[in-house]
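First the structure, in the form of structure tokens, and then the observations on it.
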Amino acid sequence: MHRAIFGFATGLSRVCEVLAALLVGAAITINLAQVLWRYILNDPLEWSEEVMRYTMVWVAFLAGSAGVFRGEHMAAGMLGNIESALVKRILHYAILVSMLIFSAVLAWWGTRYGFDTGQVSPAAQIPMEIPYLAVGFGGILMVIKLICLLLLPIEMVPQPGGMRPEDIA
């Protein structure tokens, strides 16, 4: 069962990373088009700045959820030198539960306020639900991945710096 949970969370993280990478590629392409239109054709694309900004919001939450599962989130290592296995285990689960609570708040309020705003962006006329729901969707992804981490034995939890080969094999 642990391997299935690990495989599911790893696959979900990879999907998030691929989507984030595609969105970064789209933002780069739009930025290049903006430069060409502005400086070569002398006709700037009014919508490009908004689309790139909202794209990067989605990138942050998609890639951030993958970073949470892989243990690559920002952390203060001041308690990393504790030798007691019991205290390390307690800290590990306390951190995961704290992250889970924060992610659940993001998921709840981000989704709740993301729907039906009735607003559109000024230049691109994008419904503001699209960028706002990135917060709720990212929170949901983080909650799913944190639940997976809580269900895994501590030995299978990905460590900062990447996946361990013995976890994948």
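Annotation for the range 1-62 versus the range 104-129: alpha-carbon center distance of 18 Å.
Compared with the dominant Cα axis of the chain, that is its longest principal axis, helix 48-70 is turned about 10°. Between the helical axis of 2-39 and the longest alpha-carbon principal axis of the chain there is an angle of about 20 degrees. Amide H contacts for VAL120 (H built 1.01 Å from N in the peptide plane; partners 5 or more residues away or on another chain; cut-off under 5 Å): MET128. Label-to-label distance for ARG38 and HIS92 is 4.9 nm, based on points extended 7 Å past Cα in the beta-carbon direction.
Report, in degrees rounded to the nearest 10, the 0 to 90 angle that the Cα long axis of helix 85-114 makes with the longest principal axis of the chain. With both axes taken from Cα atoms, the answer is about 30 degrees.
The modelled label-to-label distance for the pair HIS2/TRP109, using points 7 Å beyond Cα in the direction of Cβ, is 3.6 nm.
Ordering LEU151, VAL87, ALA107 by the projection of their Cα atoms onto the charge dipole of the chain, which places +1 on the Cβ of Lys and Arg and -1 on the Cβ of Asp and Glu, puts VAL87 at the extreme positive end.
Helix-only estimate, please: 222 nm mean residue ellipticity of the chain, summing -39500 (n - 2.57) across DSSP H runs of length 4 or more and dividing by its residues, to the nearest 500.
-24500 deg cm²/dmol
Would you mind telling me which residue in ILE126, ILE101, ILE82 has the biggest mean-square fluctuation in a Gaussian network model of the chain, where springs connect alpha carbons within a distance under 10 angstrom? Answer for the Gaussian network model of the chain: ILE82. Net charge dipole, the chain: roughly 440 debye, given to the nearest 20, about the Cα centre with Cβ charges of +1 for Lys and Arg and -1 for Asp and Glu.
Just so you know, all these numbers are worked out from the coordinates, no wet-lab data involved. Note that the structure is predicted; figures quoted are calculated from it, not measured. Glycine also receives a Cβ, built like all others from the backbone with ideal geometry; neighbour counts cover every protein chain displayed.
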